[in-house]
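**Student:** Structure incoming, see below.
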Amino acid sequence: MNLEIDENSKVPTARLVSNRTEVGSHHEGFDLLANAYFLGVEIVVTQQHHFSDEFYHLSSTMAGEILQKFVNYGMQLVIEGKWTQIESRSLKDFMTESNRGKQILFIEKQCASL
């Protein structure tokens, strides 16, 4: 898992740099948090493809458990993606509710390289 520190950010921020799925299990989600915590960052920026399909199926509980850990540790998680393609009403509602807070954000990214 390659986390790169954003030296230009006013708040300690790390970006997950990878072209593949990095979080395919609860354990890998907790590893992401632990690595970021070790680096001393407050914000972790990821992309939609870094998380497995299971993460986006809310019934799997993966998203809820991983995101709750980020909240418990006071770390912000930003997930950039093409969210307009999401068909699940419950996932859309979950993302909308998350975006009302400040710790878990689903940001629309208009980039073909996702």
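**Student:** So who's got an amide H within less than 5 Å of the one on Ile107, skipping anything under 5 residues away but keeping other chains? H placed 1.01 Å off N, in plane.
**Tutor:** Ile79, Glu80, Gly81
**Student:** Looking at Gln85, Ser98, Tyr37, which one has the Cα that reaches farthest to the positive end of the dipole of segment 3-108 (charges on Cβ: Lys, Arg +1; Asp, Glu -1)?
**Tutor:** It is Ser98.
**Student:** Shifting gears a bit: What length, rounded to one decimal in nm, is gained on full extension from Phe30 through to Gln68, with 0.36 nm per residue of separation minus their alpha-carbon distance?
**Tutor:** The Phe30-Gln68 span can extend by a further 12.6 nm.
**Student:** Going by C-beta contacts inside 10 Å, put Glu97, Glu54 in order with the fewest on the left.
**Tutor:** Values: Glu97 10, Glu54 16.
Ordered from fewest to most neighbouring Cβ atoms within 10 Å, Glu97, Glu54 come out as Glu97, Glu54.
**Student:** When we measure straight from the Cα of Lys10, which aspartates and glutamates land under 14 angstrom away, once same-chain ones fewer than 8 places off are left out?
**Tutor:** List returned: Glu42.
**Student:** In addition: Suppose the chain between Ser88 and Asp6 were pulled fully straight at 0.36 nm per residue; how much longer would it get relative to their current alpha carbon spacing?
**Tutor:** Using 0.36 nm per residue and subtracting the Cα-Cα distance, I get 26.2 nm.
**Student:** In deg cm²/dmol and to the nearest 500, what is the mean residue ellipticity at 222 nm of the chain if only DSSP H runs of at least 4 residues count, each as -39500 (n - 2.57), divided by the residue total?
**Tutor:** Theoretical 222 nm ellipticity from helices: -10000 deg cm²/dmol.
**Student:** Can I ask one more? In whole angstrom, how long is each semi-axis of the equivalent ellipsoid of segment 3-108, when you take the square root of 5 times every eigenvalue of its Cα gyration tensor and sort them from largest down?
**Tutor:** 21, 15, 14
**Student:** List the lysines whose Cα lies under 20 Å from the Cα of Lys92, skipping any in the same chain that are fewer than 8 positions away.
**Tutor:** Output for Lys92: Lys82, Lys102, Lys109.
Since every read-out is calculated from the coordinates, none of them should be taken as a lab result. What you are looking at is a predicted structure, and each value in this text was computed from that prediction instead of being measured. When we count neighbours, we look across all protein chains shown, and the Cβ atoms used for this are built from the backbone with ideal geometry, even at glycine.
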